[in-house]
Structures are given as structure tokens and as C-alpha cells.
Ligand code: ADP
Ligand code: ASP
Ligand code: MG
């Protein structure tokens, strides 16, 4: 039987000559067990930020920053290419193609500078260049190592709407195009290498799926091909009990359920983009998260549901740089539609709300939004409720300073009384004040809002509750 595998390599996993060598070896090993392989690559680590940082500067600073970025991009890609590609003409060709993309970057930035503004569409064109460069590099390196590989940009087959910077794929068209384009290449015994993160709208304009979106690309491709498995190669051993950058003793989880990973990813665990889960679950595809720098480790496998003897609290995560917005006033009591109008106002600013709490007295509505959107959200709310504010039915609309949402995740919490109590006493004992609470409706998570300065303490304290 033909077995199909989609493997995605993250930024660090293609971020240096050493990493690219590991990735190539991983591809070679996978070929022993899988007849059809699609590889999805991210931009080299740091490249997407480098590209966007220049394009987003005030226009009078763009020029200086671009020439600096240009040489960094060249040095990063060329040094890896020179270290790994011995075939002279392949090396020259690869460098030429990467150089062309760097020129596009320079031209796009100068257009932005002349126009005096960077539209979301222009920013997507800029951001897409990182993946387009690493595609050239990885394809050449893999070919050089003797593995037959064809590089193709995902803009050719991932069709999205025009919601630049956070585009949504049209799965039906994407399926047709992906199968029509990739199957013949795979059937000829090549592996396919493609770009993560990017697609194109029906007019062919490049779109991106949102930051960190290469994981999602792998899931989209896996679900439409379809593949049997999707493997996410990253720089840690899998999904861990918390971010190892916060708690160095964090442990890798060998299995995690759909519900648990969905909550973890949504509430800030960067290891997997939250949109990755739905396509693989719906298509019944296996998902594994594993370490490019420790490839013999089994990593983490996604499973349908929690085993009976699992831990109650399985992992802790945090989203930083949030603000709590509160609408309060005694006149809100019983007025129908306040919440609907409030959230419509928030939606009009295209802000997503990760957490909502409402006091049962209906005298206030409180929710979190990303800090950088808070000003926009407040003015939208003040506009929507101008009448109520004037009539003193709403006393005020305000937001806190920066806060973090800290979330404990574990499917076992559903059947275990007293978890919330333990969570609060643990935080209390560690001097962390809880500003707001929300329990996920799936009962797989409890989220707490804490002051930004308490984030690390809260994560560390709650991590101690995970019994190993
Ligand atoms: P990639 O470039 O491979 O996509 P990311 O940087 O996006 O990698 O995601 C991997 C990082 O996610 C890890 O290096 C780790 O610091 C962070 N992370 C946050 N929470 C977790 C967690 N619960 N388990 C594992 N890694 C986590
Ligand atoms: N390169 C993109 C980013 O930095 C996508 C990804 O790495 O997943 O957001
Ligand atoms: Mg990532």
C-alpha cells in the first residue's frame, strides 16, 4: 500500500547548515518507511521577523534597515548553501534564486517607503519571502544529498480568501489543486518540498496563514492529499508539560488528546499552531511532534482521548501581553443585547477575544484582548455605547495594564473534584493574585488572568501541581 507522510520543519530545524543536515537525514530515514513524502519548510529562524521588521518601520527609517537586512539574509542563506552544496552549478543557481527573492524584498520595501504605508497585502508579500528562500535552499540541499526532490511553492495549490495576514484556505479548491499538482510529482518517485505559511488568493496574490502558520500548512496539505501522518519537526522533544524556556524541568508528554492540545495551543503553547488540529482530526490523520535535534526520541503523539490513568493536570501554558477590558455600570442590568453589541464592536476591530468572564449580576462584562489592540477596542466600545455612557447606564469602559492568561490543561479535570481549589491555593501560597477566571466549556482547561509580572511565578507554581 502507498503510505503518505507530510513532514514540516520549523524555523530552527532549517535555521543552520547543521540543522539542514539533520533535516536531510530525517527525510532519508523516512523514505525507508514511506512511499510518498511531502516536506513543508518554514523560513530559517529569525527571517520572517527580519523581513517584517524592516517593512513595518516608519518610512524614513526603511532604507537603512533594508540594506542591513539584505546583507543578513544573504549571509544566512548563502553560508548554509556554501557549507552544504558541493555541486558548483547547483550552488550558483540556488544563490541566484535566493538573490532574486532578496531583490524582491528590497523593491517591495522601497514601494512601501514611497507609498508611505504597508498594507496587509504588501506585508504578506514581504513575509512570504522567508519561506520562498528556504524552499530553494532545502530543495538544493536535499537534491545534493542524492534524494530526488522537487520544490514547489504552496502558492500554486493552497488557495485562500483575501484575508491577508490571517488567510483562510478554501479546502475544496485546495484539494483539487494539491492532488493535481503534487500527485504526479510523488508518483514519479520524487519527494515534494514546499513552503509553509503561505498561499494565494484566487487572483494569485500571496497570502499568509498567520504567524507560526507553517504547522497549519502541513495539516492542510495532509488533509487534502490525504496523508496517513503529519509530523511536525521542531526544536524540542514534543509537547511538554510547559514551555521549557520558563521551567527547565518541563517533561515531554508522550501522548496528548485532541481536546488537550487544542486548549494548550490556543492558550499560548507555541509548539503547535492552534489551527493545525482541526484538519488532521477531521481527516483522521495521525499527528506527531518531534525534535530535529533528537530524532530518535518518539516525541508526542496525538490521541483521540485521554487514557484513564492519565494525570489530572497535564500541562500549563501562558499567553502574555493581554489586557482585560471591562464595561461596567448598574444601568446595564437587564438591558438586552449589551453583550452582543459589545462583542460586535470588538469584532469590528478584527480583534479576537481569548477569554470572557461575566459577573452574574450583569453589572459588568470583562474580557481579554491582545494588549496592542486595547486602544482600538476601547474606542470602538465607547462609540457603540455613547448613549449609555451619556445616560450613565454605563459608568465606564476601561482596560487594565498588561496581564497574562495562565491556563492549566488536562482532560482528567472533568472528573476530578477540587482541581480549581488546588489551583487557587497553589497560586495564593506563591503570592500570585488572580484577577479573573474562566473555565473552558469543555472542562479540559481552567484559565486565570494574572498581572504580567506574576506570569513566570504562576506558571512555575502551577507546574508543580503536575504529578510526574
Ligand atoms: P518551530 O519554529 O519549529 O515552529 P516554535 O518556536 O514555533 O518552533 O515552537 C517551538 C517552541 O515552543 C519551543 O522551543 C518551546 O520554547 C515553545 N513551547 C511553548 N510551550 C511549549 C510546550 N508546552 N511544549 C513544548 N514547547 C513549548
Ligand atoms: N515563518 C513563519 C513565522 O515565523 C511561519 C512559521 O514559522 O510557522 O511566523
Ligand atoms: Mg512554530
Kirkwood Rh in Å, taken over the range 1-113 so that all alpha-carbon pairs contribute: 15.8
Cubic angstrom per residue, convex hull over Cα atoms of the range 97-192: 89
Efficiency of FRET between residue 60 and residue 387 - r from beta-carbon atoms, R0 45 angstrom, step 0.05: 0.60
Likely footprinting exposure, 231, 398, fewest C-beta neighbours within 10 Å first: 398, 231
The chain: angle of helix 59-84 to the longest principal axis, Cα-based, in degrees nearest 10: 50
Ranked 105, 197, criterion: other C-beta atoms within 10 Å, fewest first: 105, 197
Cα pair distances in the range 190-336, grouped into 5 Å bins until the bin that holds the longest one, percent each: 2, 8, 15, 19, 18, 12, 8, 6, 5, 4, 1, 1, 0, 0
Translational D in µm²/s for the range 76-148 (Stokes-Einstein at 20 °C, 1.002 mPa s, Kirkwood Rh from C-alpha pairs): 161
Quotient of Cα Rg and 2.2 N^0.38 Å for the range 168-262, N being how many residues it contains: 1.32
Equivalent ellipsoid semi-axes, the range 423-464, via Cα gyration tensor eigenvalues times 5, rooted, Å: 18, 11, 9
Once the Cα gyration tensor of the range 128-175 is diagonalised, semi-axes √(5λ) in Å: 27, 13, 5
Cα-based helix-to-principal-axis angle, 338-348 vs the chain, degrees rounded to 10: 30
Taking the C-alpha atoms of the range 293-398, convex hull volume expressed per residue in Å³: 174
Cα point-scatterer Debye curve for the range 1-47, base-10 log of I(q)/I(0) at q = 0.13, 0.22, 0.26, 0.31 Å⁻¹: -0.31, -0.73, -0.90, -1.09
Viscosity 1.306 mPa s, temperature 10 °C, Stokes-Einstein D of the range 167-210 from Kirkwood C-alpha radius, µm²/s: 136
Ratio of Rg to Rh over the range 354-468 (Cα coordinates, Kirkwood Rh, two decimals): 1.04
Listed peptides 63-73, 147-157 by packing density, highest first (mean Cβ within 10 Å): 147-157, 63-73
Degrees between helix 88-115 axis and first principal axis of the chain (Cα, 0 to 90, nearest 10): 40
Normalised alpha carbon radius of gyration of the chain [divisor 2.2 N^0.38 Å]: 1.04
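Any read-out appearing in this document is the output of simple, stated calculations on the displayed coordinates, not a laboratory observation. Predicted model, so just to flag it, every value in this text is computed and none were measured. When we count neighbours, we look across all protein chains shown, and the Cβ atoms used for this are built from the backbone with ideal geometry, even at glycine.
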